[in-house]
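**Q** Have a look at the structure that comes next, please.
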Amino acid sequence: MALRKIVNIDEDLCDGCGDCVPSCAEGAIQIIGGKARLLADNLCDGLGACLGECPQGAITVTEREADEFDELAVEVHLAKMPDMGPNHGGHGHGLGDLLRPAAPAPAPHAHGHAHGGGGCPGSRTMHFPVAGAPAAVPSGTPAPAASELRQWPVQLHLVSPTAPYFQGADLLLAADCAAFASAEFHQRFLRGRALAMACPKLDSGREIYLAKLVAMIDQSRINTLTVAIMEVPCCGGLLSLAKEAVAAASRKVPIKLAVLGVQGQVVREEWV
């Protein structure tokens with residue numbers, strides 16, 4: 001044991017997004033039970049490469065008594081992780097190496113600009129511009145419908161509640177199935193709104209969802225909250241979650257409910 005610098009994770013602040021995982025080349029951080037955890041002190045070099053990847057500010061570097069950093073233990077640990085391809089630099093890749101981009105990815109030409117680098121590419125925050133006029137199509141050919149999606153990511157576990165696209169936005173909290181059931185989902189429900197999607201029946205980490213919604217209300221100061229759910233009983237949990245978040249937040253925002261039938265028809269739509 002020695003007094004040294006080592007990563008500290010505040011579990012109360014951690015929302016389990018996983019952005020910190022690929023930034024740790026030693027594989028010392030993993031998501032366990034919906035929270036980022038330091039697997040062992042001797043796997044952490046204390047340099048804090050993961051600090052800038054946490055949207056919640058849950059990771060700090062502290063000085064405390066801890067086991068010395070052990071490069072051999074790191075090699076053994078990485079070797080036990082799934083094979084990530086051919087060796088590079090004398091040892092196999094860990095999970096962090098697999099997910100870390102080789103170089104910062106440029107903003108997609110047709111998809112707006114990325115906000116904040118690093119982290120898993122699948123959860124990197126991106127804000128898309130409003131679509132312009134559709135491209136010309138041959139006469140007699142139906143024009144393709146334009147997507148109304150203005151952001152990435154959309155899954156509630158992956159989004160940062162203080163992302164730029166949530167600031168002062170009208171938020172659509174949609175059940176996963178809603179977008180598949182309704183042929184007019186983009187035009188009727190998504191247009192002009194930021195999006196977060198979740199399944200109240202299958203998703204874990206309800207307390208994380210609640211904390212994120214409260215942060216969207218209080219910190220991002222969303223304007224309205226529309227909840228789009230299916231008519232099946234289990235979907236009602238998403239409305240309950242939204243009501244609980246509004247009750248727990250210091251600000252109050254109106255909630256609009258849209259209930260869809262299993263064939264996509266709007267069963268009812270009302271402010272609740």
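Every read-out reported here was derived from the displayed coordinates using simple, explicitly stated rules and does not represent laboratory data. Remember, predicted model here, so these are calculated numbers, not experimental data. Heads up, the Cβs are rebuilt from the backbone with ideal geometry, glycines too, and the neighbour counts pull from every protein chain shown.
**Q** Treat the count of other C-beta atoms within 10 Å as a stand-in for reagent exposure and order ARG150, ARG188 from fewest to most.
**A** With the fewest neighbours first, ARG150, ARG188 line up as ARG188, ARG150.
**Q** Okay, next question. Cross-link candidates for LYS252: which aspartates and glutamates have Cα within less than 12 Å, leaving aside residues fewer than 8 places away along the same chain?
**A** Filter leaves ASP218, GLU244.
**Q** In nm, what is the difference between 0.36 nm times the number of residues separating SER250 and GLU231 and their Cα-Cα distance? Show your work: numbers first, answer last.
**A** On the way: separation 19, 0.36 × 19 = 6.84 nm, distance 3.02 nm.
Gain on stretching SER250 to GLU231: 3.8 nm.
**Q** Please report, in debye to the nearest 20, how large the charge dipole of segment 153-272 is about its Cα centre when each Lys and Arg carries +1 at its beta carbon and each Asp and Glu carries -1 there.
**A** That gives segment 153-272 a dipole magnitude of about 240 debye.
**Q** Taking 8 Å as the Cα distance limit and 6 or more residues as the minimum spacing, I'd like the relative contact order of segment 165-272 as a percentage.
**A** Once divided by the residue count of segment 165-272, the mean separation gives 31 percent.
**Q** In whole angstrom, how far apart do the alpha carbon centroids of segment 55-69 and segment 215-251 sit?
**A** Centre-to-centre (Cα) distance: 34 Å.
**Q** Could you please rank PHE180, PHE185, placing first whichever residue has the fewest other Cβ atoms within 10 Å of its Cβ?
**A** PHE180, PHE185
**Q** Are any of the pairs LYS35/LYS256; LYS35/LYS80; LYS80/LYS201; LYS201/LYS256 more than 28 Å apart by Cα-Cα distance, and if so, which? The partial results should precede the final answer.
**A** Numbers: LYS35/LYS256 31 Å; LYS35/LYS80 22 Å; LYS80/LYS201 33 Å; LYS201/LYS256 21 Å.
From the list (LYS35/LYS256; LYS35/LYS80; LYS80/LYS201; LYS201/LYS256), the Cα-Cα distance tops 28 Å for LYS35/LYS256; LYS80/LYS201.
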